[in-house]
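The values are calculated or read from the model by the stated rules, or taken from the named source; none is laboratory data. Only a predicted model underlies this, so the values are computations on that prediction, with no experimental measurement involved. Don't worry about glycine lacking a Cβ; one is built from the backbone with ideal geometry, like all the others, and counts go over all protein chains shown. To get the accessible areas, we keep the full protein, side chains included, count just its heavy atoms, and leave off ligands, DNA and RNA. Shrake-Rupley method; radii C 1.70, N 1.55, O 1.52, S 1.80 Å.
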Amino acid sequence: MVPGYLISAVVYGTLFALMAMGLTLTYLTTKVPNFAYGSFVTIGLYTAYQLATLNQISPYAASLVAFVVSGGVSALMYVGILRPLSNRGTPLVALMIATFGIDIGFIGIFGIYTDYLQARYKLVDAKQFFSIPGDFSLLGVQGVVFVAPLVLALLTLMLFLLFTRTKFGVAMRASIENPPLARVLGINVERVYVVSWLLGGGFAGLAGSLYTLWLPGGTSTGSNLIVEIFASSILGGLGSIFGAVIGGLVIGGSEDLVTTGLGLGFGYIGAGLIATLAIFVGAYLLRKKTRGRKVAGIILGALGAYMFVEMATGFSTDLFVQGLVNGFGPDVTPFQKGIPLLIMVIALMVLPQGLISIRLRRAKK
Amino acid sequence: MGLPQLVFFGVDFVSFGLGFLNFYALYLAISLSLNLEFGFAGIPNFGKVMFIAGGAAFAGSISGRVAAYVFGVGANQDFIIFNTQIISAVDAKLVTNPVFTVELVLLSILVAAGIGALLGYLSSYPAIRLREDYLGMLLLGSGAFFQVFLRTYSPLIGGAQNISVPDPYAYWSSLGTGYRDLVAALVVSAFAILVFLYAERVARSPLGRTMKAVRDNEDASRALGKDDAVIRRNILIISSAIAGMAGAIFTFYIASAEYDIWTRFAWTFWPFLIVIVGGAGNNVGVALGTFFFTLILKGLQQIQPYAQPYVFFDVNWLQDILFATLLIAILLLRPDGILKERPTPTLSKSKVSAMVNAVMSRGGGRQTEPEKISPLGLVRNKLKRLGRRREKSETAGPP
């Protein structure tokens, strides 16, 4: 029997991979990190929720609708707001603030929409609902465990084929690599951008509606996932769609595995892993030439060593180490959101080009 | 017994004004600190909430513990579990100990400033090295993490339980309604004025001009010998310390330490909106922007009960949509904000005109009134003259 947390890690990982893929697709074209991206996930959530509760349509079918709705909203946001702004030469930071503002606008819209659902259809759980039942079951686990990876694989393959085998895909790659040159060659760069925003938003909607089968959702669910999505995207290198897929799988998998693993009573293993990681990163930093990094390396290494001593002596006088070791339980959750953040920081420090930049040694020759 | 009322159109303008002032001064301080890092130094701090919440949480946590220790209250009890009893006992003693109250508040604000500065120092590490987009994502993520951390890590402020904070205004609230708000407004206004004076001083100082130089052209300023990394780090530490202090003052005002108020919308987006509306890099503009923002927010709160019966949804949602629209509209129509960023004169206007008069009267022989030139123009002329003199001395060669 496969343990539950492994299955959960698979679902998490695939969903984050889908979301990170979409975010990267939009980032590649317009070079603006979209802070409102989480809201597209929420749109997917609510498309699935409404269709399931009011029309008894399965979230699998709803995911197609969600793809269209989220993608449409995303493309509209690009055409209606971001494109006019960037045409005016608005600096990057101001564009980021604009997407931040759009996110808050979405929060208001979701609020009104859920108020409407409550007032009109008497859906009391519209603000915060449990996962949608009715998923089929296969080999004793929920169907989404198989469907989500399958969808991810299919979409990745389709994107790969689009980029390498079709004329439009090649035009897309050209517009990403060098927009002015692509324009010179007669490629309608604007259309390419709109399509990539459409696809990017669509992936978020798709992931959101599959998400409802697995976990409870609410108006702020997507907004709260933004850390994991960014972390996945950055881990993948922010410049590569296929890197984002790997990044999402790593982030989603590790967040669930690490916290659940530690919560299951793997306290010593988990704390030991964190201590080892600290020592390794410390050793890595110690090799650096700048003094600040050396000091940080020494501090990190000392911290790891201290944690080992603390655990080995069994006195556990330190609250933090005690919390790490003592079965975590309620004490590990404070750091759950910290895991993707930590991975993001480490990725930015050690692997600024992302996972995709790692080449096998043989390829170097 | 309370403050006198001043009712027009069913609104008590005294209590409205006090609520307005409390909010205005708090957000003025926060927005000015954001303006220092974003407007002057060009660091997009999308994790502003973290620094404010950090200061608030630590001040809220430490003040209660220190007061309980000093008064010998609840020595053998868990501070978090018996929080309500301990704090109400502390409050009762604080009323009769004004000196200690002030000391406690000052100590907590100092701790909050330290926490803010520490967080600022930590975030300066990526802020120096990363591009704006990576940095924005990282800081936004850190802010979100910090909120989850506060919610789930109970030893600090009780996690999801929320704890009470000793009420330094307890004496004033015993006098009657309104006095507490009045004194709190005075305190936060004094703080905001100090921050404003400091921000203006920075703007006029060489540091302010260097920050703008680093923001506008990093390479050029580096070539001129300015260490952009140190400047960015210092300004992050300073403005984060201000944010931490603002958080501490706010937590004393609401007399509780809560996790769920620290959303990135209210504490990161709103200050950004204010700075954008007012004009980035212009402190007076930010003060104006805060005023308009507060006016809209408080005005909507007044209208809300009248509008609510007519719609099926919570009217407050419209506020979010309105702010989003306002931001986009400002960015589209007036990207520089209400007041544009201007070159800051190094001397005050009166000093410049005094110098001008001195120069003019020394000019000798000329009896006519000196023509009116703006102080800035005069400075420019003066600089030109200086440049010419230097040229002359250079061409003259060594004696």
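Below, the figures for the structure above:
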| item | result |
| --- | --- |
| Helix axis angle, B:83-94 relative to chain B longest principal axis, alpha carbon, degrees | 70 |
| Taking only Cα atoms of region A:73-206, radius of gyration then Dmax in Å | 19.9, 56 |
| Positive-pole candidate from B:Tyr134, B:Gly285, B:Pro155, dipole of chain B, charges at beta carbon | B:Gly285 |
| Sequence-separation-based contact order of region B:140-278, relative, with Cα cut under 8 Å and 6+ spacing, percent | 39 |
| Shape of region B:120-192, Cα gyration tensor, a/c cut at 1.5 | oblate |
| Mean ellipticity per residue at 222 nm, deg cm²/dmol - from DSSP H runs of n ≥ 4 across the protein assembly as shown, formula -39500 (n - 2.57) | -24000 deg cm²/dmol |
| Added length on full extension, which subtracts the Cα-Cα distance from 0.36 nm per residue, B:Asp227 to B:Asp336 | 36.5 nm |
| Degrees between helix B:98-129 axis and first principal axis of chain B (Cα, 0 to 90, nearest 10) | 60 |
| Förster radius 22 Å - calculated FRET efficiency between A:Asn87 and B:Arg131 (Cβ-Cβ, nearest 0.05) | 0.50 |
| Spatial separation of Cα centroids for region A:92-106 and region A:1-58, in angstrom | 20 |
| Unit charges on C-beta of K, R, D, E only; dipole of chain B, Debye | 2220 |
| Paramagnetic reach from B:Met360 in region B:325-352 [backbone N under 18 Å; point 7 Å along Cα→Cβ] | B:348-352 |
| Compactness of the protein assembly as shown as Cα Rg over 2.2 N^0.38 Å, two decimals | 1.04 |
| Net charge of Cβ neighbours under 11 Å - reference A:Ile109; Lys, Arg +1; Asp, Glu -1 | -3 |
| Relative contact order (%) - criterion: Cα under 8 Å, at least six apart; region: chain B | 27 |
| Whole-number percent relative contact order across region B:62-110, with pairs defined as alpha carbons under 8 Å at least 6 apart | 44 |
| Solvent exposure of region B:7-262 as accessible area per residue, Å², 1.4 Å probe | 40 |
| Over region B:7-262, equivalent-ellipsoid semi-axes from the Cα gyration tensor in Å | 35, 22, 16 |
| Calculated FRET value between B:Asp260 and B:Gln85, using beta carbons and R₀ = 41 Å, to 0.05 | 0.95 |
| Region A:289-304 versus region B:219-254: alpha-carbon centroid distance in Å | 24 |
| Out-of-range pairs (alpha-carbon distance over 30 Å; input A:Lys289/B:Lys226; A:Lys31/B:Lys340; B:Lys298/B:Lys351; A:Lys337/B:Lys212) | B:Lys298/B:Lys351; A:Lys337/B:Lys212 |
| Surrounding net charge for A:Pro84, when Lys and Arg each add one and Asp and Glu each subtract one, Cβ distance under 15 Å | +2 |
| Gyration tensor (alpha-carbon) shape descriptor, region A:156-203, a/c threshold 1.5 | oblate |
| Peptide-level mean, for A:105-115, of C-beta atoms on other protein chains within 10 Å | 6 |
| Between 0 and 90°, nearest 10: helix B:349-362 axis offset from chain B longest Cα axis | 20 |
| Ordering of A:279-288, B:45-54 by packing [mean C-beta count within 10 Å, highest first] | B:45-54, A:279-288 |
| Centroid-to-centroid separation of region B:316-338 and region B:172-207 [C-alpha atoms, Å] | 27 |
| Prolate/oblate/rounded call for region B:63-178, Cα gyration tensor, a/c under 1.5 rounded | prolate |
